[in-house]
Each structure stands twice: as C-alpha cells, then as structure tokens.
Amino acid sequence: MAETTTITVVIDPDIDTALGSQARATGPSKAEVIRDVLAEWLQDQEDYREAVRVAARNEPTRSSAEVRQSLGLDV
C-alpha cells in the first residue's frame, strides 16, 4: 500500500450516523467512503478549472445535436 497520511475531521453527529449507515449498507468502511468522495471532489474541481480555462478561450461551440449529426449518430 502507498504511504498514507492521517487527517482528523470534525463532523456533525447526524452526518456520522448517515455515513455509518451507508457504509454498513454498501460494504466499504467510513474511511473508504470518505477517501472515495474526497478523490471524486478533487477530480471535479480539476475538471471545473479546466472547463473555465477552455471557456476563457472563447472559441466557437457546437451543440451535442450538431456533433451527433456530424458523426452520423442521428439517423
């Protein structure tokens, strides 16, 4: 396993209860759920920053319908 770091987070008791219930129902531990959610959030933030960079270029855009039609997907 890769090197890890421990982080302590204070959460509301209701969130802890819901997290524990979800973890028990789905299998992963609370720590695994938190790691997965955090990794997904970080990826979302990176995607957002990239979208902002692309939008700032102010290039012409095409709708998904136009793209589908140009690829022959709408028949």
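Hey, can you tell me all the residues within the range 1-18 that are part of a helix (DSSP H, G or I) and either within 22 Å of the chain's Cα centre (by Cα) or of a type in the set (A, V, I, L, M, F, W, C) (or both)? Within the range 1-18, 15, 16, 18 qualify.
Identify the residue in the range 19-30 that is part of a helix (DSSP H, G or I) and exposed (fewer than 12 other Cβ atoms within 10 Å of the Cβ) and, among all such residues, is nearest to the chain's Cα centre (by Cα). It would help to see each step written out before you state the result.
The first filter runs over the range 19-30 and keeps only residues part of a helix (DSSP H, G or I), leaving 19-26, 30.
Right, trim to exposed (fewer than 12 other Cβ atoms within 10 Å of the Cβ) and you get 21, 24-26.
Numbers: 21: 21, 24: 22, 25: 21, 26: 19 Å.
Checking each candidate, the answer is 26.
Just checking, does the range 46-67 include any residue being touching a helix residue (DSSP H, G or I) at 6+ places or on another chain (Cβ under 7 Å) and of a type in the set (Lys, Arg)? No, because not a single residue in the range 46-67 is touching a helix residue (DSSP H, G or I) at 6+ places or on another chain (Cβ under 7 Å) and of a type in the set (Lys, Arg). You will find that of 59, 50, the residue that is of a type in the set (Asp, Glu) and assigned to a helix (DSSP H, G or I) is 50 and no other. Within the range 31-69, the set of residues being β-branched (Val, Ile, Thr) and surrounded by 10 or more Cβ atoms within 10 Å (Cβ to Cβ) comprises 33, 34, 37, 54, 67.
Within the range 49-75, residues that are free of Cβ contacts under 8 Å to residues at least 24 places away in the same chain sit with their Cβ atoms under 9 Å from residues that are assigned to a loop (DSSP other than H, G, I, E, B) and not aromatic (Phe, Trp, Tyr), at 6+ positions apart or across chains, in these pairs: 65/74; 67/73; 68/74; 70/62.
The numbers here are math on the coordinates, done by the rules we state, and not lab data. Since the structure is predicted, the reported quantities are computational estimates derived from the model, not experimental observations. Neighbour counts run over all protein chains shown; Cβ positions are idealised from the backbone, glycine included.
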